[in-house]
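Asks: Quick one: structure below, then a few questions.
The values are calculated or read from the model by the stated rules, or taken from the named source; none is laboratory data. Given the structure is predicted, the values throughout are model-derived calculations rather than measurements. Positions of Cβ are generated from backbone atoms using ideal geometry, with glycine treated the same way; all protein chains shown enter the neighbour counts.
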Amino acid sequence: MSDNSVIESLLGKDKQKRKSRIPAKLDFLQSATGLVLAIFIIFHLLFESSILFGKDSMYILTKLFEGEFIIEGGSPLFIVFLAISIFAILILHSLLAMRKFPSSYREYMRFKTHAKLMKHSDTNLWFIQISSGFMLFFLASIHLYVIMTNPMNIGPFASSDRIYSDSAWIMYLMLLVSVVLHAGVGVYRLIVKWGWFDGDNPKNNRIKTRKIIKAVTIFYLLIGIFSLASYIKIGYDHRDNYGDRYSIGDKK
Ligand code: HEM
């Protein structure tokens, strides 16, 4: 082999090495954006459930997010800024996730047969994650678009009017189930993939992790459903005053 071809083959190998690092980096980025979104949802659903403690609690939190402690009376622009940032992370996460979708019907059927044969629960989890992720493409976009274009219409009455009188509860119910399942399965897969809690006994610890995540997922589904029911009840009682805004101590 001539010196040149040795150098070329070494350069080729180096190129291949560099190329092969890209999927790993994309994988890391997908995990990182997924984790940020999961943390966001964990807090978001807790804040939304403030309605369970009464209208005043949700009103105070809304004003906090509108930056009332910075600007007198707050500004919906803070909400728009937050929503745009989350949307950007969501778009990046979805773009990266598209690599993992079965790219053809034949590939999908192969996956289904494989899942059936293996009866492997992790493969089933992957299926839940990919179908809930697909739903989220649409549902999360609708929700974020509505919030970004109506940032001033958030609060105990404004949100309840939207949920009851504008019938948004149907979309929220689907969004809730999709996002909680997606985040639950996603966080479990992250923990397993990066071996975060493997310790000395990975097999046992994974079973424990699975149980904890299952319990947290059920908890989030329940608080989401109860909060949604609470918004529906407030919206129903408020239907004749649709569009009126809430103020502290309001009994309407
Ligand atoms: C900064 C971005 C976001 C803001 C400001 C925001 C705000 C809100 C508000 C105010 C509500 C109450 C209903 C309403 O007023 O329409 C709500 C409900 C909800 N949001 Fe978001 N949201 C954001 C991002 C997201 C994302 C990215 C997801 C999931 C992908 C999500 C999932 C949900 C769900 C599931 C509910 C219903 C909660 C329940 O069942 O009680 N939100 N959001």
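Asks: When you check residue 187 against the structure, is it modelled with pLDDT of 95 or more, under 14 Å from the mean Cα position of the chain (by Cα) and surrounded by 13 or more Cβ atoms within 10 Å (Cβ to Cβ), yes or no?
Replies: Considered against the rule, which asks whether it is modelled with pLDDT of 95 or more, under 14 Å from the mean Cα position of the chain (by Cα) and surrounded by 13 or more Cβ atoms within 10 Å (Cβ to Cβ), residue 187 comes out as yes.
Asks: Let me ask something else about it. Taking the options 116, 100, name whichever one is within 21 Å of residue 27 (Cα to Cα), modelled with pLDDT under 90, among the charged types (D, E, K, R) and away from the ligand (no atom under 16 Å from the Cβ).
Replies: Only one candidate passes the filter, namely 100.
Asks: Another question, then. Test residue 155 against the stated conditions and say whether it is within 11 Å of the ligand (Cβ to nearest atom), small (Gly, Ala, Ser) and at positive phi.
Replies: Yes; evaluated as a whole, the condition is true for this residue.
Asks: So, in region 191-200, exactly how many residues are surrounded by 12 or more Cβ atoms within 10 Å (Cβ to Cβ) and farther than 21 Å from residue 42 by Cα?
Replies: 1
Asks: Sort out which residues of region 201-238 are loosely packed, with under 14 Cβ neighbours inside 10 Å, more than 16 Å from the ligand (Cβ to nearest atom) and over 22 Å from the mean Cα position of the chain (by Cα), and write them in order of number.
Replies: 201, 202, 203, 204, 207, 208, 237
Asks: Also, quick follow-up: Sort through 246, 172 and tell me the only one that's assigned to a helix (DSSP H, G or I) and not charged (D, E, K, R).
Replies: 172
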